[in-house]
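Heads up, the thing below is written out as structure tokens.
Here, each number is a calculation from the coordinates, and none is a lab measurement. Note that the coordinates shown come from a computational prediction; the quantities given were computed from them, not determined experimentally. Here Cβ is always computed from backbone atoms with ideal geometry, including for glycine, and neighbour counts include all displayed protein chains.
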Amino acid sequence: MTPVIALVGRPNVGKSTLFNRLTRSRDALVADFPGLTRDRKYGNGRLGDKPFTVIDTGGISGDEEGIDAAMAEQSLAAIDEADIVLFLVDARAGLNVADEAIANHLRVNQKKTWLVVNKTDGLEEHSAMADFWQLGLGDPWPIAAAHGRNVSRLIEEVLAPFPEQPEEEALPARDDGIRIGVIGRPNVGKSTLVNRLLGEERVVVFDEAGTTRDAIEIPFERRGRPYVLVDTAGIRRRKNVREIAEKFSIIKTLEAIKECHVAIMVLDARSGLVEQDLHLLDYVLSSGRALVLAVNKWDGLESEQKEKMRAEVKRRLGFADYADLHFISALHGTGVGDLYPSIERAFASSTTRWSTNRLTTILQDAVGEHQPPLVRGRRIKLRMAHQGGANPPIIVVHGNQTESLPEAYKRYLTNTFRKVLKVRGTPIRFEFRSGH
Ligand code: GDP
Ligand code: GDP
């Protein structure tokens, strides 16, 4: 499993500056969608052959008193989820009571902790750190997150005990079956759906083989086609749905997303959409994973409730409208079979390769239909398109002044390629390259 690093510390010590620096890689999971507030922010980073996940917390307010109050709930949760804690303090502000309270907690907590003194730029290192020795957390590490000073060296040290994981696509090919992950917040019906997908008989067999590994793969077949259910959330380990669900973990959900070809995200028609649904969806979207949406518990709803849910989904999940949407009842099995064609289509869409010829023709037709605008008297030119990657598909468009291409025109191109290539269930990413 990829090591998880939590950033904790008072507000304003530079946590989000460090977070942004560490996750500036192309697989950063942070995408900003308007209207989403975040308590904890997750991102992926990589140093050489070592990938890692970072959690940023809003911070522990310095105004509060006492350890418990000072260790705000979000930070505690982040520390819980992490393998390593980077405890940030501010060289310019000096040692602070809140720092001491946090340090006390971290000493007791026994997570591997690094004391990181930020904002040492322009300061004399030894005197800048002198204050912080008394926190009793070992050698302070001087950095300047804003300038990147010492950051790579710190992360290299931090990751030293963890194994290398070279970058190439780790997912096995389709031959063994499309890998399906079922995700969603607690109680939406994931475990009920998984039981449905597998069929009751296999459930029993599987439970006897119970294991403590993090990810479990359950191969199964449907109409002669192989699939693999990837269960990282432990939902299959419960003998029946009345057993207490495991504690919800974003980290495990992120692992599940990474391990599957197609994610089925389950939503609950009875409780409606909540903020946590949007956060999860945001992560799926940023990960580029193929996606099928299932609004569960559709049984026994009044038509008014159904209308309300439909409208809510349309209004709030517009940013994921590339995914097929199903209304199902995992409990009764209604609509569950219809998920399979969507899974197949999402998988196919995310892994197809298109020729440069085909993509360029689509681009030129789109431009012929609708010219890009003039910028400072010169027309933006789009000449050629080729595929830069799959899963998710990346389409690279070459031209002139592409950096000035308006968002609306990019959306027009996205929609056109989507329609002509009949892509469903996967985001398409565009990269624009300019000749000058
Ligand atoms: P957070 O509240 O802990 O997430 O802190 P931020 O990352 O928002 O940073 C708080 C302020 O400190 C911002 O104005 C940053 O620009 C500044 N800052 C962060 N890192 C450094 C640094 O290395 N040097 C200096 N001089 N300022 C920094
Ligand atoms: P999980 O925490 O996401 O794995 O959710 P569970 O599968 O444990 O389901 C949570 C609760 O919702 C249980 O009481 C289920 O019986 C119930 N449930 C699951 N699917 C449906 C459904 O399609 N319709 C109705 N009415 N209830 C459901």
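Of T416, T426, the sequence from fewest to most neighbouring Cβ atoms within 10 angstrom is T416, T426. Annotation: the antiparallel percentage among DSSP beta bridges lying fully within region 249-401 is about 50. Please tell me which of these pairs span more than 26 angstrom C-alpha to C-alpha: K50/K112; K258/K306; K314/K422; K252/K308; K15/K50? Check vs 26 Å cut-off fails for K258/K306; K252/K308.
Amide H contacts under 5 Å for L229: I180, I218, F220, restricted to partners 5 or more places along the chain or on a different chain, H placed in the peptide plane at 1.01 Å from N. Computed from backbone phi, the HN-Hα couplings of region 140-157 come to x, 9, x, 9, 9, 4, 5, 10, x, 5, 6, 5, 4, 4, 4, 5, 4, 4 Hz, rounded to whole numbers (Karplus: 6.51 cos²θ - 1.76 cosθ + 1.60, θ = phi - 60°; Gly and Pro given as x). Under 5 Å between amide hydrogens, built in the peptide plane, is the criterion, and for G388 it picks out I394, I395, V396 among residues at least 5 positions away or on other chains. Between amide H atoms placed 1.01 Å from N, distances below 5 Å from A323 occur with G425, all of them 5 or more places distant or on a separate chain. Residues M129, M384, arranged from fewest to most other Cβ atoms within 10 angstrom of their Cβ, appear as M384, M129. Couplings 3J(HN,Hα) of region 381-391, computed from phi: 10, 10, 10, 8, 9, 9, 8, x, x, 10, 6 Hz, in residue order, whole Hz [Karplus 6.51 cos²θ - 1.76 cosθ + 1.60, θ = phi - 60°; x for Gly and Pro].
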